[in-house]
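*Asks:* Below you will find the structure I want to go over with you.
The values are calculated or read from the model by the stated rules, or taken from the named source; none is laboratory data. Everything numeric in this text was worked out from a predicted model, so none of it was measured. Heads up, the Cβs are rebuilt from the backbone with ideal geometry, glycines too, and the neighbour counts pull from every protein chain shown. Heavy atoms of the whole protein, side chains included, go into the accessibility calculation; ligands, DNA and RNA do not. Shrake-Rupley method; radii C 1.70, N 1.55, O 1.52, S 1.80 Å.
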Amino acid sequence: MRLKTIIKNNYKKWKDDNYIYEKDKNGKYQAISYSKFIEDSLGIAKDLIDRGYKNKKIIIISENSINLMKCDFAISFFVGLSSVVSKEWKKIDLLNGMEELKADLLIYSDNYKDLVKEVEKETKIKTLNMKELKTTFSDELFNLPIKKQNAPAKIVFSSGTTGKSKAVKLSLKNIFAGIPSLTRRCNFTHEDSTYLFLPLNHTYASVYNFMYSLIKGYRIYLASSTANIGKELLETNPTIFCAVPLVFNNLLQAYKDKIGYAFGNNIKYLFCGGAPISKETRKAYKEHNLNLMQAYALSETASSLAIAYPYQDDLESVGTIFEDLDVKIFEPDKYGVGEIIVKGDCVFLGYTDKSLTKRVFDKNNYFHTGDLGFIKNNKIYLKGRKKKMLLTSKGENIIASSIEDNIKSRDKSIQDVKAYIKNGEIAVDVYVDENIDLKTIIDIYNNEVPKYERIESYNLYIDSIDTRLKQ
């Protein structure tokens, strides 16, 4: 794919058309044109190159915003390696992330200046407020070379592992590999629009909601807050909406048999990813003629692997395999269930930790996903994880043993801990040989970990008998 030619042509076609909408301080949506976005991004790219950051690793921490998107586009296409990290990261997460990447620069928005000040006390990394970046544009900036298709462009931190997250290296080839198969299912055009609330550190949001819009030209409305999703869906009337099961469940609970009114007047495509959605919820949407399409992928496949065809997939599968991928079941049992492995242009370059990379690729260069399932009629049916993972309704993967070991280490009376998912959230059963103040232990744990790893409910079992204290 000749990205530079496509974007330059789109710049000419859609020059003055509104592209990305963001709410101002008065709560009104204001738009930036496609041409202004490209011009500002090229200006930022030149400014960073002039500052000496060509081929450098750059971390960005920010809420979703047009400025974040300009920086991410500028860096990943023209400058170096872009790594947008979670807005929920604390100081320790940021320090660990910078160490893992050997990062050269930390770009931040005003909302994170206090956090950055704390980080600056413990590291020598250069920092830069994104509002200080120059956006000066001239036509000659179209001569800036886009990086080679196979070179690293983005680094995504895999979500949901207690402790050290894995840093996934993606190239532009990886990122845009999914467009042909997506187009077979849904040929988005310049007339389409999407409402984006998923954080841009998530691969699906970054690739399918944002990066693909540069090619397809659909408009993007940025959510002002997750609390405003319901109201802003009606305000923006998108044709495309992507969410995790929790959001679709909450909207269904709120609207019930009026769910068709939840997405405005223009909705055509609903994508659900991050975790399997229940058959009951999918059936309810189908009964109201809403095109809810299950998607399955990983950060390591640049969020490309399987997406349902409109109105065609059953209520059990997690999507139809992309036609340009080689997907197999490794060592299937007598029922055809085994590990899902994949080879294709979307498969990542590797982790920053080379030892981890070696563990997930076999001698035939298939990537081993760690997910168990089977394939029927080119559709994937998931059956769990090789390593026990907890998949929350927000789409976060958390290693169960990490939570269990963490809680168990906090009191010598704790004999065993079992972590599981209850109503889409993390719960634990704790077994002790004498009564303990479990509430305080859980509260301290929850204060130390990101929101997506917090324990929402727990049971305390004393002497491993039926004496049960429930919170």
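*Asks:* Of all residues in the range 121-137, count the ones that are at pLDDT below 95 and either among the aromatic types (Phe, Trp, Tyr) or surrounded by 11 or more Cβ atoms within 10 Å (Cβ to Cβ) (or both).
*Replies:* 3
Each row is one residue, and each column tells you yes or no for (1) surrounded by fewer than 18 Cβ atoms within 10 Å (Cβ to Cβ); (2) closer than 24 Å to Asp192 by Cβ; (3) modelled with pLDDT of 95 or more.
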site: Phe263; (1), (2), (3): no, yes, yes
site: Phe271; (1), (2), (3): no, yes, yes
site: Ala275; (1), (2), (3): no, no, no
site: Asp314; (1), (2), (3): yes, no, no
site: Val327; (1), (2), (3): no, no, yes
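*Asks:* Where residues in the range 283-301 are over 15 Å from Phe241 (Cα atoms) and under 22 Å from the mean Cα position of the chain (by Cα), which of them is least open to solvent (accessible area, probe 1.4 Å)?
*Replies:* Checking each candidate, the answer is Thr301.
*Asks:* Restricting to the range 361-395, what's the tally of residues that are acidic (Asp, Glu), over 27 Å from Glu425 (Cα atoms) and in contact with an Asp or Glu (Cβ under 8 Å, 6 or more places away or on another chain)?
*Replies:* 0
*Asks:* Go over the candidates Lys8, Lys56, Lys28 one by one and state the one that is out of contact with any Pro (no Cβ under 9 Å at 6 or more places or on another chain), open to solvent by 10 Å² or more (accessible area, probe 1.4 Å) and in contact (Cβ under 8 Å) with a residue 60 or more places away in the chain.
*Replies:* From the options Lys8, Lys56, Lys28, the qualifying one is Lys8.
*Asks:* Okay, moving on. Which of the residues belonging to the range 350-363 are open to solvent by less than 90 Å² (accessible area, probe 1.4 Å) and without any contact (Cβ under 8 Å) to a residue 60 or more places away in the chain?
*Replies:* Ser355, Thr357, Phe361, Asp362
*Asks:* As an exercise: evaluate Thr226 against (1) over 30 Å from Leu356 (Cβ atoms); (2) buried (at least 19 other Cβ atoms within 10 Å of the Cβ); (3) among the hydroxyl-bearing types (Ser, Thr, Tyr) and give the number of the one condition it does not meet.
*Replies:* (2)
*Asks:* Exactly one condition in (1) open to solvent by less than 10 Å² (accessible area, probe 1.4 Å); (2) assigned to a loop (DSSP other than H, G, I, E, B); (3) more than 25 Å from Phe248 (Cβ to Cβ) is false for Pro332; which is it?
*Replies:* Against the list (1) open to solvent by less than 10 Å² (accessible area, probe 1.4 Å); (2) assigned to a loop (DSSP other than H, G, I, E, B); (3) more than 25 Å from Phe248 (Cβ to Cβ), Pro332 comes up short only on (1).
Residue-by-condition table, conditions (1) modelled with pLDDT under 95; (2) in a loop (DSSP other than H, G, I, E, B); (3) within 25 Å of Asn143 (Cα to Cα):
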{"position": "Ser41", "(1), (2), (3)": "no, no, yes"}
{"position": "Lys46", "(1), (2), (3)": "no, no, yes"}
{"position": "Asn67", "(1), (2), (3)": "no, no, yes"}
{"position": "Ser82", "(1), (2), (3)": "no, no, yes"}
{"position": "Ser86", "(1), (2), (3)": "yes, yes, no"}
{"position": "Leu106", "(1), (2), (3)": "no, no, no"}
{"position": "Lys113", "(1), (2), (3)": "no, no, no"}
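*Asks:* Kindly indicate whether Lys376 is open to solvent by 80 Å² or more (accessible area, probe 1.4 Å), of a type in the set (Lys, Arg), out of contact with any strand residue (DSSP E or B) (no Cβ under 6 Å at 6 or more places or on another chain) and closer than 27 Å to Phe271 by Cβ.
*Replies:* Spelling it out, Lys376 is indeed open to solvent by 80 Å² or more (accessible area, probe 1.4 Å), of a type in the set (Lys, Arg), out of contact with any strand residue (DSSP E or B) (no Cβ under 6 Å at 6 or more places or on another chain) and closer than 27 Å to Phe271 by Cβ.
*Asks:* A further question on this structure: Name, by its number, the condition in (1) crowded, with 17+ Cβ neighbours inside 10 Å; (2) part of a loop (DSSP other than H, G, I, E, B) that does not hold for Ile340.
*Replies:* Result: Ile340 passes all but (2).
*Asks:* What are the residue pairs meeting all of these: first residue in the range 435-457, first residue assigned to a strand (DSSP E or B), second residue of a type in the set (A, V, I, L, M, F, W, C), Cβ atoms under 7 Å, and 6 or more apart or on different chains?
*Replies:* So the pair list comes out as Ile455/Ile426; Ile455/Ala427; Ile455/Val428; Ile455/Ile442; Glu456/Ile426; Glu456/Ala427; Ser457/Ala427.
*Asks:* Is it the case, given these coordinates, that Glu118 is surrounded by fewer than 20 Cβ atoms within 10 Å (Cβ to Cβ), touching a residue at least 12 places away in the same chain (Cβ under 8 Å), out of contact with any Gly (no Cβ under 6 Å at 6 or more places or on another chain) and not in a helix (DSSP H, G or I)?
*Replies:* no
*Asks:* Do you know which of the residues in the range 67-99 that are touching a residue at least 24 places away in the same chain (Cβ under 8 Å) and open to solvent by 50 Å² or more (accessible area, probe 1.4 Å) is nearest to Lys169 (Cα to Cα)?
*Replies:* Looking at residues that are touching a residue at least 24 places away in the same chain (Cβ under 8 Å) and open to solvent by 50 Å² or more (accessible area, probe 1.4 Å), I get Asn96.
*Asks:* Related question: Testing Asn64 on (1) open to solvent by 50 Å² or more (accessible area, probe 1.4 Å); (2) closer than 28 Å to Lys126 by Cβ; (3) not β-branched (Val, Ile, Thr), one condition comes back false. Which one is that?
*Replies:* Just one mismatch for Asn64, condition (1).
*Asks:* In the range 283-295, is there at least one residue being among the hydrophobic types (A, V, I, L, M, F, W, C), farther than 16 Å from Leu196 by Cβ and touching a Phe, Trp or Tyr at 6+ places or on another chain (Cβ under 7 Å)?
*Replies:* Looking for residues that are among the hydrophobic types (A, V, I, L, M, F, W, C), farther than 16 Å from Leu196 by Cβ and touching a Phe, Trp or Tyr at 6+ places or on another chain (Cβ under 7 Å), one finds at least one in the range 283-295, hence yes.
*Asks:* In the range 172-209, which residues are part of a helix (DSSP H, G or I) and touching a helix residue (DSSP H, G or I) at 6+ places or on another chain (Cβ under 6 Å)?
*Replies:* Hits for the range 172-209 are Ile175, Thr203, Val207.
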